[in-house]
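Notes follow the structure.
The values are calculated or read from the model by the stated rules, or taken from the named source; none is laboratory data. Keep in mind that this is a model prediction, so the values were computed, not measured. So basically every Cβ, Gly included, is an ideal-geometry build from the backbone, and we count neighbours across all protein chains shown.
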């Protein structure tokens, strides 16, 4: 397991299957591209210099190659500049401004969470991305983590329009709580009958393991997805991150 150090950003766009940790989070990561070693998905972890703020970012760019590399580099640069800040809506705002200023042709969805060990809170923001799943140790159950209705905030994908407001939701976490991140290539994977894997199957999959460790949750989802649609035959990229609060 790789221990992410203080003031470090770890991740990228390459295929991988590995485990990582910070002072407050332990995670198991899997990324698979449908078109070679680098696809349209990206994933990053960052740890602030004081080892108190862990940020996890997962995203999907509508494209491959140079566009994805450029966008993931922008994510890296903006994360580095805001490494010690707990709120993430500013990252989304800056990314949206950058993509508009560069006349970028593609769109991107992101989910960003930041765990601040001092107050044991999770700060979460979305830009058109499927909701993160949360597993509560006290309830031994998993559910989608939604932001709730906000009349003036759309949380649209990055690049749709310049005038988008993004928000953070704060929730308290406890040691042993779990999080599950994924890109839409997972829930949109289709079997030979044309059925999508979908949210219901994903929830059923993580609930089989319950509060098992992050690697077991990841492996269960991959096993169920492979049985449903065959990992080798998937036509879209997908990335998943199974994480556990350990602080």
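A few points about this structure:
- Restricting the range 147-161 to residues that are modelled with pLDDT of 90 or more, under 18 Å from residue 113 (Cα atoms) and part of a loop (DSSP other than H, G, I, E, B), the residue that is nearest to the chain's Cα centre (by Cα) is 157.
- Residue match in the range 23-43 (condition: assigned to a loop (DSSP other than H, G, I, E, B) and farther than 22 Å from residue 63 by Cα): yes
- The range 90-102, residues that are surrounded by fewer than 19 Cβ atoms within 10 Å (Cβ to Cβ) and within 24 Å of residue 4 (Cα to Cα): 90
- Check on residue 205, assigned to a helix (DSSP H, G or I) and touching a helix residue (DSSP H, G or I) at 6+ places or on another chain (Cβ under 6 Å): yes
- Unmet requirement for residue 226, which otherwise passes all of (1) in a loop (DSSP other than H, G, I, E, B); (2) over 27 Å from residue 53 (Cα atoms); (3) free of Cβ contacts under 8 Å to residues at least 12 places away in the same chain: (1)
- Filtered residues of the range 78-134 (kept if in contact with a helix residue (DSSP H, G or I) (Cβ under 7 Å, 6 or more places away or on another chain) and part of a strand (DSSP E or B)): 108, 110, 112, 125, 127, 133
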